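To start, the structure itself, in structure tokens.
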Amino acid sequence: MKAASLPETPVFHTTGLTKTYHQGEVEVHALRGVDLDLYPGELVVMLGASGSGKSTLLNILGGLDVPTSGEVRYLDTDLARATDKQLTRYRRDYVGFVFQFYNLIPSLTARENVVAVTEIARNPMEPDAALELVGLANRADHFPAQLSGGEQQRVAIARAIAKQPNVLLCDEPTGALDSATGILVLAALEKANRETGTTTVIITHNASIAQMADRVITLSDGQISGEHRNPTRQDPRTLSW
């Protein structure tokens, strides 16, 4: 599986990105000057221990949080200075999210959970097509309680990709799963990236996942401490956890 080459124009560009939280009189520096470019269509794995700043960075890229200082741009949009209304529109129209916990609506079937997103999307794919992409076409009429954890996470992926976002941001998507189930979820993410061309970022503390990426970025203490490109992307189904 050949790694994607990087075009010249990034989807995301950050310069000197910082984020400081105040817990009483204590300042917590979650990000300490992050310079980063992410490119169209690439699959990036961000590695780092708990507290390294990777979730904070992902939340800022996704418009769920804003930096304390520095620049963060999505194409021509300055996310650091966007209004709440602009960030809401950005999240709705351009970003798909996959979190560690699936956040499915229990009273809706798998298909209906996907429809809940496609009804408000600008250019959605058919819900059944999204479920087929993640290997769940035969489970479309099942409720979350009738699905395994891995199946629920794949429904969450289908829901995220069904609105055909430009960017798919995944925060520890296998964190609540065993290794065999996690590999199925990663395979679904890799397939979605390959077939839709959506820029995909997966953050994790599991270094073995890195081999499936075009590029691997390591965070430590709120800074980028390492970066490398894989000459080829490894099939997630062959990963050894």
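Each reported figure results from applying straightforward, stated rules to the coordinates on display, with no laboratory input. Just so we're clear, the structure is a prediction, and the values are computed from it rather than from any experiment. When we count neighbours, we look across all protein chains shown, and the Cβ atoms used for this are built from the backbone with ideal geometry, even at glycine.
Computed packing ranks the peptides 206-212, 24-30 as 206-212, 24-30, most packed first, by mean other Cβ atoms within 10 Å. For the stretch 72-104, applying the loop criterion from DSSP together with a ceiling of 16 other beta carbons within 10 Å to the chymotrypsin sites (Phe, Trp or Tyr not before Pro) yields PHE101. Its alpha carbons give the stretch 120-211 an Rg and a Dmax of 12.8, 36 Å. Its alpha carbons give the stretch 167-227 an Rg and a Dmax of 11.9, 35 Å.
Reported to the nearest whole Å, the Cα centre-to-centre distance from the stretch 99-154 to the stretch 160-202 is 13.
Expressed to the nearest 5 percent, the antiparallel share of DSSP beta bridges inside the chain is 55 percent.
Between PHE143 and ALA176, take the C-beta separation as r, use R0 = 30 Å, and let me know the FRET efficiency to the nearest 0.05. After rounding to 0.05, the efficiency reads 0.95. Taking only Cα atoms, what is the 0 to 90° angle, nearest 10, from helix 179-196's long axis to the longest principal axis of the chain? The helix 179-196 is inclined about 80 degrees to the chain.
Under 20 Å from a point 7 Å along the Cα-to-Cβ line of GLU119: which residues of the stretch 130-169 have their amide N that close? What the label zone holds, given the 20 Å backbone N cut-off, is 130-131, 140-145, 155-165.
Largest GNM mean-square fluctuation among PRO67, PRO231, PRO173, using the chain with Cα springs under 10 Å: PRO231.
The alpha carbon convex hull volume per residue for the chain rounds to 131 Å³.
For the stretch 56-161, the set of trypsin sites (Lys or Arg not before Pro) satisfying both a DSSP loop assignment and a count of at most 16 other C-beta atoms within 10 Å is given as ARG122.
Say R0 is 22 Å: what FRET efficiency, to the nearest 0.05, do LEU75 and ASP35 get from their beta-carbon distance? Efficiency at R0 = 22 Å is approximately 0.80. What number, rounded to the nearest 500 deg cm²/dmol, is the helix-based mean residue ellipticity at 222 nm of the chain, given -39500 (n - 2.57) per DSSP H run of at least four residues and division by all its residues? Value at 222 nm, helices only, nearest 500: -8500 deg cm²/dmol. FRET efficiency for the ARG237 to ALA129 pair, using the beta carbon distance and R₀ = 22 Å, is estimated at 0.50.
The modelled label-to-label distance between HIS205 and THR15, using points 7 Å beyond Cα along the C-beta direction, is 3.5 nm.
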